[in-house]
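Here the structure is laid out as structure tokens; the discussion comes afterwards.
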Amino acid sequence: MFKLPIFNQPLRAVFWPPTLIAKQLTSVLYFNDLVEWNRFPDWLLRHSFSSLPVAAGSVGMGCIGFPAHPAWEVTGACNLRCIHCHAASNKPAEGELTTDEAKRFIDDLAGVEEFRMLVYTGGEPLVRPDLLELLHHSKKAGLTNVIATNGTLITEEVAFRLKDAGVVGAAVSLDSSQSSIHNYIRSNGNAFDLAMRGIRAVKKAGILLQINVTAMEYNRAGLEELIDLADREGSGIMLMYQLVPVGRGSAIEEAALDVTENERLLKSLACKQKDVSTIIEPVAGPQYWPYLMEQRGRSDGAWLKLAKRVFHGCSAGRGFVYIKANGDVWPCPFVEINAGNVRERSFEEIWRQSDVFVNLRNREETLKGKCGECKYRTICGGCRGRALAYHGDYLAEDPSCFLHRNHS
């Protein structure tokens, strides 16, 4: 099969059907209109082409990047002990997939048509000894590889080896532009400097840089400065997570943003987006999309119909899927519901048939409370992780939604 030298990837893994590319382009153009994006031409020149293999044939913009979007927690082991970690990572998880089991899972995933990329996450994926072997295997299977990492173990040599293994995007976690705050959150006095080294190594290797941030009380005041730092470093995408009190984060539940702070954060992101080239996408804040539509008078008629096609809000189970280190399949790292295990059932069977995924894909009929009544339930849907954390029901209404409060 012909390969493009710039990516060293099979052609089928770099170019996608015109209909899917058109949907990606439409979603970005609509986003550009909603935020009145002054730096949109800059993003097109700097990041649009390199974003295509990372988006990997997806159908629009959602809560965790572009769905369809599988993320695999390859190990529970980590060289850091972050205070907010949803995986509560430290040592390898019990019963992690062996190398052979992992390769069978990758082949199984590659057989599902809508999934053309795979995110390797953790824990810290770089501490798994066979990581490069697995990356090469998924590359050979026709998947594009993305790695989500704390960045502290990435030197220039490591970055180029990742590139050779088919890594087209690296999501590096950075929680503050101030080293003292980042180091406190990461429980390591040198984490900031090492992460910055990793960020620059990734850029030098020609891998698309993504910055992942978790917004909480500890870093809320400095988020705009962090966005500026990400923009200067050449990040094509920034995922702005909100702390959801699961895993180790449940011990600092008081640091999670309440409904007022959620509203303030999303409004500030919309304002900041105008003047940076990095695309900022909120995670656990799906109210962002209808808020943008209402601000621009695009919330009814043909605009609403278009939004239902290109914005997906909460993507849990609707394009996004999270595979635990032991093979359990969850809708999202914040929706701790096991839909099945890849050791026992095929991934496709779990994805297509498990009740939790069926319910999440049909949320126009299944959501409860205010989320179930809302005209934005297709393009927002509320954060299912926060609904589960606070109500014990992943289909309940999102307690952090400010749209209904403002409407009433």
Fill in: Solvent exposure, largest accessible area first (probe 1.4 Å, DNA, RNA and ligands not counted), of His136, His182
His136, His182
Worksheet item: Quick one: accessible area per residue over the range 210-341, 1.4 Å probe, rounded to a whole number of Å²?
Response: 31 Å²
Worksheet item: What are the DSSP H helices in the chain that stretch 24 Å or more along their long axis, judged by alpha-carbon atoms, and whose average Kyte-Doolittle hydropathy comes to at least 0.0?
Response: 18-35
Worksheet entry | Solvent-accessible area of Leu360 with every protein chain in place, 1.4 Å probe, in Å² to the nearest 10 | 0 Å²
Discussion item. Explain nothing, just the number: dipole magnitude of the chain about its Cα centre with +1 on each Lys and Arg Cβ and -1 on each Asp and Glu Cβ, in debye rounded to the nearest 20.
Written reply: 880 debye
Fill in: Cα centre as origin, Lys/Arg/Asp/Glu Cβ charges: the range 258-403 dipole, Debye
500 debye
Discussion item. Where in the chain is the longest stretch that carries no GluC sites (Glu not before Pro) classed as loop by DSSP and with at most 16 other Cβ atoms within 10 Å?
Written reply: 218-343
Practice prompt. Once you've got the GNM for the chain with C-alpha springs shorter than 10 Å, pick whichever of Pro92, Pro125, Pro18 has the biggest mean-square fluctuation.
Written response: Pro18
Discussion item. Nearest 500 deg cm²/dmol is fine: what mean residue ellipticity at 222 nm does the chain get from its DSSP H runs of n ≥ 4 alone, each adding -39,500 (n - 2.57), divided by its residue count?
Written reply: -11500 deg cm²/dmol
Worksheet, complete the sentence: Checked against a 24 Å limit on the C-alpha separation, the offending pairs among Lys305/Lys368; Lys91/Lys324; Lys272/Lys305; Lys23/Lys305 are Lys272/Lys305
Worksheet item: For the chain, what is the percent of antiparallel DSSP beta bridges, rounded to the nearest 5?
Response: 15 percent
Item to complete: List the residues whose amide H sits under 5 Å from the amide H of Thr121, counting only those 5 or more places along or on another chain, with H placed 1.01 Å from N in the peptide plane.
Response: Trp72, Glu73, Val74, Ala148
Worksheet item: Please state the equivalent ellipsoid semi-axes for the range 320-408: what are the square roots of 5 times the Cα gyration tensor eigenvalues, largest first, in whole Å?
Response: 27, 13, 9
Worksheet item: Tell me, what % of the accessible area of the chain is carbon and sulfur with a 1.4 angstrom probe?
Response: 52 percent
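The values are calculated or read from the model by the stated rules, or taken from the named source; none is laboratory data. Bear in mind the structure is a predicted one, so any value in this text is a computation, not a measurement. Don't worry about glycine lacking a Cβ; one is built from the backbone with ideal geometry, like all the others, and counts go over all protein chains shown. Accessible surface is based on the protein model in full, side chains and every heavy atom, while ligands, DNA and RNA are left aside. Shrake-Rupley method; radii C 1.70, N 1.55, O 1.52, S 1.80 Å.
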